[in-house]
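First up is the structure itself, then whatever we jot down about it.
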Amino acid sequence: MAAKVYLIGAGPGDPDLITIKGLECIKRADVIIYDYLASETLLAHARPETKLIYVGKKGFSKHITQDQINRILIDEALAESDSPESGERVIVRLKGGDPFVFGRGGEEAQALRQHGIDVEVVPGVTSGIAAPASAGIPVTHRGVSTSVAFITGNEDPTKAESDIDWKGIAHGAQTLCFYMGIKNLPSICEKLIAAGRSPQTPVALIRWGTTPKQEELFGNLQNIAQKAYEAKFQAPAIIVVGDVVGLRDTIAPSTPLPLKGMSVAVTRSRTQASGMVARLKDLGADVLECPTIQIEPLDSYADADRALANLAQGAFSWLILTSTNGVDFFFQRLGALGMDARALAGVKVAAIGSATADRIAEHGIATDLVPSEYRGEAVVREMLEAGAAPGERVLLARAKEARNAIPDLLTQAGLAVETVPLYETIPSTAAQTLQALGRILAGEVNAITFTSSSTVRNFCRLFENQADALQIPDDAAKGMLSKMDLYSIGPVTSATLRENGLAPKAEAQVYTIDGLIDAILQDRLNR
């Protein structure tokens, strides 16, 4: 079967900066071969069955060579598909920045074409422009710089002679952007000064540009190497040399984002996390998606369908929906039975949480009750205050593995409760989850958010399994968690954290995603 390889520039680090075409290729890909500088967040857009192959330097016991990467690309492109009827196979090679700007994409394209493999290049935003821009530095500016040069900073310092024309570079462009040059920074500065560039020429170092992890260091050709040494400034970074660096004070924002410096793992299911992830990023956090649960339909809906048919016939006075997932599955089942919102005529609807109420409203139904607290006692008390009377029948539609606090308390209050499951949550099996857990265990995260009891239980189970797989002792793994800030969406989730030996750092006062983020902001403000 024919295969086509797309060499895609993933951009400078911020996953939102990938091109529309690049993202569409990721969504269609049968295989994605990605490197260290391509944001793993982009992999969340791949289909569940997509084969993921990591070819970055991190994670390999030995450095993988370019020849080995070329071989992987060729083998995957020539491999037979398990589904011959599926048409052309799409192979994505996802590279940081732009494939043809110090990315060795040209070598990969040549190797593929030599084997008769169709190749298309999808350009990306290169970090030599994007990183300075994110620091408030334009690489060209009228009256300051009308030329810019992009230069590799990764030459072997032991070579007898440099391949770079240092005299030409020093005087040929007003702005110089060096890629991969932190290790050779002292040599770069010395050679530019020796070639006639003023020692007072401003220099900026920008690490992890465009991402929440961005770090900046400023100086000049004479002192920047010493400053970088003292600050232990590390790669990956762009080095910007030129008077444009001085424009930063008039362009860069003066107020830092409130969550800058915070690295937080989000444990919601992959399909639910996008809104929360976006808001945390907008506030400056470095967000790691670690989906610990998958929302799955049930094998059988016989009980649920029977209850919904009875609901339509007036058998219940109240319907309680406890989550947005429950709302979605509830209306899916109504549709499957040939019914719609009219089945709720004469039924009072209670929604646990404002987000659940909002989702119900999307189906044209106004809720009769949104309890002020997500506690069983509050739900029962406020239902009784809203007119629920002993002997009335209540349909509680929710997740398969939910707690029994609400139905037990409703029964004690004299209401006849029928509980039906609409979906189940299972531990995530996504490769993204295992990679994220590995990063958490490597100490790259300082906070974790939990939005339900199931996220807590599944996280603890997956975390323990991954620690065992990495041969990290139980005490050491638990010690890592005890040092992290754990944030809970509400009292039920907090109770589950404590049941698992974990203490929430803060708890949302309003049991919504916005309430959880407000709790994080307040906690950070109080430090």
Label I426 and D523 with points 7 Å out from Cα along Cα→Cβ: what is the distance between them in nm?
-> 3.1 nm
Which translational diffusion coefficient, to the nearest whole µm²/s, is obtained for segment 195-301 from the Stokes-Einstein equation, given a Kirkwood hydrodynamic radius over C-alpha pairs, 4 °C and 1.567 mPa s?
-> 77 µm²/s
Grab the eigenvalues of the alpha-carbon gyration tensor for segment 407-524, scale each by 5, take roots, and send me the semi-axes largest first in whole angstrom.
-> 29, 19, 13
Distance-filtered residues of segment 346-377 - backbone nitrogen under 14 Å, label point 7 angstrom along D408 Cα→Cβ | 376-377
Segment 92-140 - convex hull of alpha carbons, volume per residue in Å³ = 72 Å³
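Per the Kirkwood treatment, what hydrodynamic radius in Å, one decimal, follows for segment 271-421 from the mean inverse distance over all distinct Cα pairs?
Values: mean 1/r = 0.0608 Å⁻¹.
In segment 271-421 this quantity evaluates to 16.5 Å.
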Mean separation of Cα contacts under 8 Å, 6 or more apart, over the residue count of the chain: relative contact order % | 11 percent
Debye sum, Cα scatterers, the chain, no solvent: what log₁₀ I/I(0) at q = 0.11 1/Å?
-> -1.06
Gain on full stretching of the segment that runs from A252 to D340 - 0.36 nm per residue minus C-alpha separation = 26.4 nm
Please work out the average accessible area per residue across the chain, using the 1.4 Å probe convention, and give it in Å².
-> 47 Å²
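Among the listed pairs K21/K213; K51/K400; K183/K281; K213/K281; K4/K95; K167/K227, which are separated by more than 21 Å between their Cα atoms? Could the numbers behind the result be given before it?
Values: K21/K213 26 Å; K51/K400 31 Å; K183/K281 30 Å; K213/K281 11 Å; K4/K95 16 Å; K167/K227 25 Å.
Result: K21/K213; K51/K400; K183/K281; K167/K227 exceed 21 Å.
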Per the charge dipole of the chain (beta-carbon charges, Lys/Arg positive, Asp/Glu negative, Cα centre), the residue among V492, A225, G387 reaching farthest to the positive end is A225
A convex hull over the alpha carbons of segment 149-215 yields, per residue, a volume in Å³ of 95 Å³
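If we count every other residue with Cβ under 14 angstrom of V90's Cβ, Lys/Arg +1 and Asp/Glu -1, where does the sum land? Working shown, then result.
Working: positive: K4, K21, K27, R28, R47, K51, R89, R93; negative: E24, D30, E49, E76, E88, D118, E120.
Value of the local net charge: +1.
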Top to bottom by accessible area (1.4 Å), largest first, where do K260, K281 land?
-> K260, K281
For segment 95-198, what value does the Rg/Rh ratio take when both radii are computed over Cα atoms and Rh is the Kirkwood radius, given to two decimals?
-> 1.03
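Could you work out [θ]222 nm for the chain from helices alone, using -39500 (n - 2.57) per DSSP H run of at least four and dividing by all its residues? Round to the nearest 500 deg cm²/dmol. Intermediate values should be presented prior to the final figure.
Working: 19 runs with 187 residues, N = 527.
It lands at -10500 deg cm²/dmol.
Per the 1.4 Å probe, what fraction of the accessible area of the chain, in percent, lies on carbon and sulfur atoms?
Working: 12460 of 24680 Å².
Its accessible area is 50 percent carbon and sulfur atoms.
The values are calculated or read from the model by the stated rules, or taken from the named source; none is laboratory data. Small disclaimer: the values here were computed from a predicted structure and weren't measured. Backbone-built Cβ (ideal geometry, glycine too); neighbour counts: all protein chains shown. With ligands, DNA and RNA removed, areas are computed over all heavy atoms of the protein, side chains included. Shrake-Rupley method; radii C 1.70, N 1.55, O 1.52, S 1.80 Å.
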